[in-house]
1. Taking the criterion of being over 20 Å from ARG120 (Cβ atoms), in contact with a Lys or Arg (Cβ under 8 Å, 6 or more places away or on another chain) and in the same structural domain as SER58 (by TED's automatic domain parsing), would at least one residue in the stretch 13-22 satisfy it?
2. For the stretch 214-226, state whether one or more residues are in the same structural domain as THR157 (by TED's automatic domain parsing) and free of Cβ contacts under 8 Å to residues at least 12 places away in the same chain.
3. Spot the failing condition for LEU139; the list is (1) part of a loop (DSSP other than H, G, I, E, B); (2) of a type in the set (A, V, I, L, M); (3) surrounded by 14 or more Cβ atoms within 10 Å (Cβ to Cβ); (4) out of contact with any Cys (no Cβ under 7 Å at 6 or more places or on another chain), and only one is missed.
4. Report, by residue number, each residue of the stretch 207-231 that is acidic (Asp, Glu) and closer than 19 Å to ALA257 by Cβ.
5. Sort out which residues of the stretch 122-160 are aromatic (Phe, Trp, Tyr) and within 13 Å of the ligand (Cβ to nearest atom), and write them in order of number.
6. Kindly provide the set of residues from the stretch 9-48 that are within 20 Å of the chain's Cα centre (by Cα) and part of a strand (DSSP E or B), ordered by number.
7. List every residue pair whose Cβ atoms sit under 8 Å apart, with the two residues 6 or more apart in sequence or on different chains, where the first one lies in the stretch 77-94 and is under 14 Å from VAL280 (Cα atoms) and the second, anywhere, is open to solvent by less than 20 Å² (accessible area, probe 1.4 Å) and not in a helix (DSSP H, G or I).
8. Starting from residues that are of a type in the set (A, V, I, L, M) and within 20 Å of HIS169 (Cα to Cα), keep the ones in the stretch 213-243 and report whichever is most open to solvent (accessible area, probe 1.4 Å).
Amino acid sequence: MEALGYYNGAYGPLDEMTVPMTDRAVYYGDGVYEATPTRNKVIYALDAHVNRMLRSASLLRIDMPMDTEALKAELKRMVALVDGGDNVLYWQLSRGTARRAHPFPEGTKANLMMMITPYRFPDLTQYVKCITLEDTRFLHCNIKTLNLIPSIMAMQTAKEQGCYEAILHRGGRVTECSKSNVHILKDGRLITAPADNLILSGIARAHLLEACAALGIPAEERPYTVKELMRADEILITSSTSFLRRAVSVDGQDAGAKDPENFEALKSYVWTRFLRETSV
Ligand code: PDD
């Protein structure tokens, strides 16, 4: 499949698409985004992603250029144009098109951009290594904004150290990763940072909590520390595109991997959920 792009109603091969220099996403990153896998032309957890985009846009006072049903229809039309294999659908909404000036522009409406690209789902039986880093992001991490510089720097640092993710913390309190949420299992309980302004409330995190409820694993949404992480029975990393990964090394030390039964049960639940929801 060729990757496909969309901008305000125009479609084309992704690498040939362009956006105006005066789109506020270009020079301010003034917008919000979402990303989720598609399979068999089904957009996984569409409602949850659209609802989160509405929340992010509302917190930034960006007006939706169309109503929710029209947005969903536009997303589905995009997916219908490509083959039914495994893809990732990304979409973003920028505040509008105007000459550069910090206040909100007047007389413009939000721009919708979409990209759909082929994707190979990760092998969840491959376990991963992580590093820890101080979380230097701003205090609005609950909003899925386009401004991702600290996350990009953190991910690159992890990559250069042969690691899959950077686990971020504020003065020892674990928040999340550069592009995922992180959770621990200890003594048969799941502990995950609360969905406050320090983390993005992940859709895959919600699926993990659903799995815990279904499997009878008690879950606590509370702050936890790097020290607890290093002593955890399991370290779980979630995101829409990576589902559930198991971290077995942190900062070069063996970590987690001490509760395989619960890890396997959770992994199987979230993966089966995805297959079920995206089957036709
Ligand atoms: N990232 N935390 C951060 C900072 C994220 O960027 C993401 C998603 C998540 C997980 O959210 P969800 O489970 O809803 O995918 C948590 C996406 C995948 C990205 O930026 O590509």
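The values are calculated or read from the model by the stated rules, or taken from the named source; none is laboratory data. The structure presented is a predicted model; accordingly, all values stated were derived computationally and were not measured. All Cβ positions, even for glycine, are placed from backbone atoms using ideal geometry, and neighbour counts span all protein chains on display. Note: areas computed on protein heavy atoms with side chains; ligands, DNA, RNA excluded. Shrake-Rupley method; radii C 1.70, N 1.55, O 1.52, S 1.80 Å.
1. yes
2. First pass over the stretch 214-226, keeping only residues in the same structural domain as THR157 (by TED's automatic domain parsing): 214-226.
Checking the rest, the ones that are also free of Cβ contacts under 8 Å to residues at least 12 places away in the same chain come to 216.
Yes - at least one qualifying residue is present in the stretch 214-226.
3. Against the list (1) part of a loop (DSSP other than H, G, I, E, B); (2) of a type in the set (A, V, I, L, M); (3) surrounded by 14 or more Cβ atoms within 10 Å (Cβ to Cβ); (4) out of contact with any Cys (no Cβ under 7 Å at 6 or more places or on another chain), LEU139 comes up short only on (3).
4. Taking the stretch 207-231 as the starting set, the residues that turn out to be acidic (Asp, Glu) are 210, 220-221, 228.
Matches in the stretch 207-231: GLU228 only.
5. Pass one, the stretch 122-160, residues aromatic (Phe, Trp, Tyr): 127, 138.
If the condition is that a residue be aromatic (Phe, Trp, Tyr) and within 13 Å of the ligand (Cβ to nearest atom), then PHE138 is the only one that fits.
6. Quick first cut of the stretch 9-48, residues within 20 Å of the chain's Cα centre (by Cα) only: 25, 29-39, 41-48.
Correct list: GLY31, VAL32, TYR33, GLU34, ALA35, THR36, PRO37, THR38, ARG39, VAL42, ILE43.
7. Going by the 8 Å Cβ cut-off, the qualifying pairs are ASP86/PRO37; ASP86/THR38.
8. The first filter runs over the stretch 213-243 and keeps only residues of a type in the set (A, V, I, L, M), leaving 213-215, 217, 219, 226, 229-230, 232, 235-237.
This time we only want the ones that are within 20 Å of HIS169 (Cα to Cα), so: 226, 229-230, 232, 235-237.
On the way: VAL226: 31, LEU229: 0, MET230: 49, ALA232: 0, ILE235: 0, LEU236: 0, ILE237: 0 Å².
Filtering first and then ranking leaves MET230.
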